[in-house]
1. Enumerate the pairs (first residue in the range 35-48 and closer than 13 Å to Glu149 by Cβ; second residue anywhere and polar (S, T, N, Q) and open to solvent by less than 30 Å² (accessible area, probe 1.4 Å)) with beta-carbon separation below 7 Å, excluding pairs fewer than 6 apart on the same chain, so at least 6 apart or on different chains.
2. With respect to Ser81, is the statement that it is polar (S, T, N, Q), open to solvent by less than 40 Å² (accessible area, probe 1.4 Å) and in contact (Cβ under 8 Å) with a residue 24 or more places away in the chain true?
3. In this structure, is Val197 open to solvent by 30 Å² or more (accessible area, probe 1.4 Å) and either under 22 Å from Tyr59 (Cβ atoms) or modelled with pLDDT of 95 or more (or both)?
4. Looking only at residues in the range 35-59 that are polar (S, T, N, Q) and not in a strand (DSSP E or B), which one is least open to solvent (accessible area, probe 1.4 Å)?
5. I'm trying to understand the selection: among the residues of the range 147-172, which are β-branched (Val, Ile, Thr) and open to solvent by less than 70 Å² (accessible area, probe 1.4 Å)?
6. On the basis of being open to solvent by less than 40 Å² (accessible area, probe 1.4 Å), touching a helix residue (DSSP H, G or I) at 6+ places or on another chain (Cβ under 6 Å) and not aliphatic (A, V, I, L, M), does Phe94 make the cut?
7. Considering the range 3-34 alone, what residues qualify as being open to solvent by 40 Å² or more (accessible area, probe 1.4 Å), in contact with a Ser or Thr (Cβ under 9 Å, 6 or more places away or on another chain) and either without any contact (Cβ under 8 Å) to a residue 12 or more places away in the chain or over 26 Å from Asn168 (Cβ atoms) (or both)?
8. Which of the helices (runs of 4 or more DSSP H) contained wholly in the range 77-190 include at least 1 residues that are of a type in the set (S, T, N, Q) and either out of contact with any Gly (no Cβ under 8 Å at 6 or more places or on another chain) or over 15 Å from Ser14 (Cβ atoms) (or both)?
Amino acid sequence: MKSKTLSVYTLAISPDERIIGLVKKLKKRLEKHLGRNYGSVNALAHVTLILFVAYEDDYPPILAEFKRVLAGLAPFKVGLSGFGDFSKNLPCTFYIKPDECSNGQIIECCKTIGTNFNKFLKRRYTDRWEIVGRTDPHLTIGRELVLEEIEASYALFTEDFTEHFTCNSFVIRKLNLGKGQYEIIDTIPLLGHEYMVGQQMRLF
């Protein structure tokens with residue numbers, strides 16, 4: 001009997017431990033500066049690519065399809081350069097921006113996944129599917145902020161944030177409702193293999 005539990009998952013880019021540590025320090029600085037615990041302060045650094053909702057029993061075929069599609073993507077360098085915000089609509093988000101080249105690469109990865117992921121499987125096994133990283137991919141520092149807190153964030157972070165890391169895998173994160181946090185449940189390597197959609201992956 002199929003599980004009745006619908007779970008929320010995301011496909012994301014997880015930086016290396018050094019970048020995760022740097023972003024954690026930025027979040028703690030902002031928490032102290034704002035004087036309150038804000039949304040995402042305890043979340044590990046990541047760039048969300050796709051959000052999907054599915055029954056837990058249907059996760060295995062979804063994972064298998066992600067592995068098939070992502071095997072065709074090659075590792076790439078992600079540059080981070082400066083800060084940005086989403087403040088047109090409340091609540092607001094303050095984030096770290098990928099540089100122009102990396103921004104384009106991430107968007108292209110999202111388009112490739114959207115094109116090659118089996119449409120029948122997606123309709124059958126997912127209740128919701130949103131390609132978040134298709135526009136404005138970002139690495140969140142603070143969300144659920146008000147406009148005054150966005151201004152305070154820029155006033156706090158006056159340094160030039162320029163970093164980079166190599167992305168050789170994507171991760172799947174699952175929302176833990178008890179903790180109110182996403183947890184990494186799978187890591188999928190980017191292998192750079194050539195393959196034909198709908199056929200077995202060509203390994204050699």
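1. Correct list of pairs: Ser40/Thr140.
2. No, not satisfied.
3. Yes: the conditions hold for Val197.
4. Going through the qualifying residues, I end up with Ser40.
5. Ile150, Val171, Ile172
6. yes
7. Across the range 3-34, the qualifying residue is only His33.
8. Fully inside the range 77-190 and qualifying: 100-116, 147-156.
The values are calculated or read from the model by the stated rules, or taken from the named source; none is laboratory data. These numbers come from a predicted model, not from an experiment. Don't worry about glycine lacking a Cβ; one is built from the backbone with ideal geometry, like all the others, and counts go over all protein chains shown. Calculation scope for accessible area: heavy atoms of the full protein, side chains included, ligands and nucleic acids excluded. Shrake-Rupley method; radii C 1.70, N 1.55, O 1.52, S 1.80 Å.
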